[in-house]
Amino acid sequence: MSLKKVLTIAGSDTSAGAGMQADLKTFQEHDTYGMVALAAIVTMDPKTWSHNVTPLPLDLLDEQLNTAISIGPDAIKTGMLGSEEVIKRARQAYDESGSEIFVVDPVMVCKGDDEVLNPGNTDAMIKELLPKATVVTPNLFEAGQLSGLGKLTSIEDMKKAAEKIHDLGAENVVIKGGKALESDKAFDLFYDGKKHVLLSTDKFQSSYNHGAGCTFAAATTANLANGQSPEEAIKNAKAFVASAIKNGWKMNEFVGPVDHGASNRIEKIEVFTEEI
Ligand SMILES: Nc1ncnc2c1ncn2[C@@H]1O[C@H](COP(=O)(O)OP(=O)(O)O)[C@@H](O)[C@H]1O
Ligand SMILES: Cc1ncc(COP(=O)(O)O)c(C=O)c1O
Ligand SMILES: [Mg+2]
């Protein structure tokens, strides 16, 4: 059987824990054929690790999208897009692709930074991406922004935000309580317009978790491409990323990436689900 082709439209994280590097590693771990259209390159100052985001010229992004779309991706994921114009191009590319799987990771900030990359992007994501999203995977902060509810601090808040984001057009919403929600477990909330499902694993170390969000969304995309239902795809992606986080490692004094291969190479983690 031929491999499913999975395209990420995302930024390059030169430290290679997050961004398109995380996506490609995760696609490979899921026996899919990973492809990239690169929107921006992120570099880090070796002395301070402060991030510098350089967008690629739009015509170069268009050329990449034309190439990738001509190959016929079975599923498309978006990551860091950086500007309203790039968000529009990502939407157009999805429309043109004929693919029926669109996973939107609404990246707004890099971990460790609390400055939103570009506030106008939130409106563009709402207008262009959410109405087409098979699954959208905001973290707690991003869910607060997309829903307009602001700071979310409880599972009840997450339920309300998931309903609002679903109303904006996303077919399935998963809000990652993850590292940001104060709790002894790592909780995520799934909502498909009918039911809320709380997913949980043990909470592992959170010092070396760079790339967790990208890895989770990429695993979800690959699972969907491989024929899983949204709920199944998300549950399995959570198991995959939990192992990656548990086995995260220190890269230098500033950052530690997840181990994208840990679920297949080291250990499987169990995910619990409960309809709430
Ligand atoms: N310390 C942790 N232990 C186990 N799972 C975690 C931990 N931190 C985050 N997760 C899980 O990793 C995934 C990514 O979440 P998160 O790190 O919050 O996203 P992002 O990187 O986009 O901010 C979610 O499934 C979340 O529940
Ligand atoms: C290119 C790129 N995309 C996405 C992200 C978001 O990463 P995370 O998976 O930690 O949310 C980052 C963070 O540094 C990044 O550099
Ligand atoms: Mg993220």
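Of all residues in region 181-233, how many are among the small types (Gly, Ala, Ser), more than 16 Å from ligand 3 (Cβ to nearest atom) and closer than 29 Å to Lys4 by Cβ?
Of region 181-233, the ones among the small types (Gly, Ala, Ser) are 183, 186, 193, 200, 206-207, 211-213, 217-219, 222, 225, 227, 229, 233.
Among the residues that remain, those that are also more than 16 Å from ligand 3 (Cβ to nearest atom) are: 183, 193, 200, 207, 222, 225, 227, 229, 233.
Filter once more, so that each one left must be closer than 29 Å to Lys4 by Cβ: 193, 200, 222, 225, 227, 229, 233.
So the answer is 7.
Suppose we filter region 91-121 for residues that are part of a helix (DSSP H, G or I), touching a helix residue (DSSP H, G or I) at 6+ places or on another chain (Cβ under 7 Å) and at pLDDT 95 or above; how many remain?
Initial filter on region 91-121 (part of a helix (DSSP H, G or I)): 91-97, 120-121.
Filter once more, so that each one left must be touching a helix residue (DSSP H, G or I) at 6+ places or on another chain (Cβ under 7 Å): 91, 93-94, 96-97, 120-121.
Then keep just the ones that are at pLDDT 95 or above; that gives 91, 93-94, 96-97.
Here the count works out to 5.
Please work out which residue is surrounded by the most Cβ atoms within 10 Å (Cβ to Cβ), limiting yourself to region 25-48 and to residues that are within 16 Å of ligand 3 (Cβ to nearest atom) and of a type in the set (Gly, Ala, Ser).
Applying the filter and picking the extreme gives Ala39.
How many of the residues in region 144-173 are closer than 14 Å to Leu189 by Cα and not acidic (Asp, Glu)?
Summing the residues that are closer than 14 Å to Leu189 by Cα and not acidic (Asp, Glu) in region 144-173 gives 15.
Would you pick out the residues in region 235-276 that are under 19 Å from the mean Cα position of the chain (by Cα) and among the hydroxyl-bearing types (Ser, Thr, Tyr)?
Residues satisfying the conditions are Ser243, Ser263.
Would you pick out the residues in region 244-263 that are closer than 16 Å to Phe27 by Cα and more than 9 Å from ligand 1 (Cβ to nearest atom)? Even if it seems obvious, please write down each step before you answer.
Step one: of region 244-263, the residues closer than 16 Å to Phe27 by Cα are 244, 258-263.
Within region 244-263, Asp259, His260, Gly261, Ala262, Ser263 meet the criteria.
Tell me, please, whether a residue that is within 25 Å of Leu146 (Cβ to Cβ), surrounded by fewer than 20 Cβ atoms within 10 Å (Cβ to Cβ) and in contact with a helix residue (DSSP H, G or I) (Cβ under 6 Å, 6 or more places away or on another chain) can be found in region 70-83.
Initial filter on region 70-83 (within 25 Å of Leu146 (Cβ to Cβ)): 73, 75-83.
Narrowing further to those that are surrounded by fewer than 20 Cβ atoms within 10 Å (Cβ to Cβ): 83.
The next check asks that each one be in contact with a helix residue (DSSP H, G or I) (Cβ under 6 Å, 6 or more places away or on another chain); those that pass are none.
No, region 70-83 contains no residue that is within 25 Å of Leu146 (Cβ to Cβ), surrounded by fewer than 20 Cβ atoms within 10 Å (Cβ to Cβ) and in contact with a helix residue (DSSP H, G or I) (Cβ under 6 Å, 6 or more places away or on another chain).
Assess whether Ala217 counts as being within 23 Å of Glu29 (Cα to Cα) and within 10 Å of ligand 1 (Cβ to nearest atom).
Values: within 23 Å of Glu29 (Cα to Cα): yes; within 10 Å of ligand 1 (Cβ to nearest atom): yes.
So Ala217 fits the description; yes.
List every residue pair whose Cβ atoms sit under 8 Å apart, with the two residues 6 or more apart in sequence or on different chains, where the first one lies in region 248-276 and is without any contact (Cβ under 8 Å) to a residue 24 or more places away in the chain and hydrophobic (A, V, I, L, M, F, W, C) and the second, anywhere, is surrounded by 13 or more Cβ atoms within 10 Å (Cβ to Cβ) and assigned to a loop (DSSP other than H, G, I, E, B).
Ala262/Asn247; Ile266/Asn247; Ile266/Asp259
Of all residues in region 136-159 being within 23 Å of Met80 (Cβ to Cβ) and loosely packed, with under 15 Cβ neighbours inside 10 Å, which is nearest to ligand 1 (Cβ to nearest atom)?
For region 136-159, the residue satisfying everything is Lys151.
Please state which of the following conditions Lys132 fails to meet, knowing it meets all the rest: (1) of a type in the set (D, E, K, R); (2) more than 28 Å from Asn209 (Cα to Cα); (3) within 12 Å of ligand 3 (Cβ to nearest atom).
Going through (1) of a type in the set (D, E, K, R); (2) more than 28 Å from Asn209 (Cα to Cα); (3) within 12 Å of ligand 3 (Cβ to nearest atom) one by one, Lys132 breaks only (3).
Note down all Cβ pairs under 6 Å where the first residue falls in region 139-154 and is in contact (Cβ under 8 Å) with a residue 60 or more places away in the chain, the second is within 14 Å of ligand 2 (Cβ to nearest atom) and part of a strand (DSSP E or B), and they're at least six residues apart or on different chains.
Asn139/Lys176
State all residues of region 251-260 that are of a type outside the set (Phe, Trp, Tyr) and surrounded by 16 or more Cβ atoms within 10 Å (Cβ to Cβ); if no residue qualifies, say none.
Step one: list which residues in region 251-260 are of a type outside the set (Phe, Trp, Tyr), which gives 251-253, 255-260.
Once the filter is applied, which keeps residues that are of a type outside the set (Phe, Trp, Tyr) and surrounded by 16 or more Cβ atoms within 10 Å (Cβ to Cβ), region 251-260 yields Val255, Gly256, Pro257, Val258, Asp259, His260.
Would you check which residues across region 160-215 are under 16 Å from the mean Cα position of the chain (by Cα), surrounded by fewer than 20 Cβ atoms within 10 Å (Cβ to Cβ) and within 16 Å of ligand 2 (Cβ to nearest atom) and list them?
Matches in region 160-215: Lys179, Ala180.
The values are calculated or read from the model by the stated rules, or taken from the named source; none is laboratory data. The structure displayed is predicted, hence computed values, not measured ones. So basically every Cβ, Gly included, is an ideal-geometry build from the backbone, and we count neighbours across all protein chains shown.
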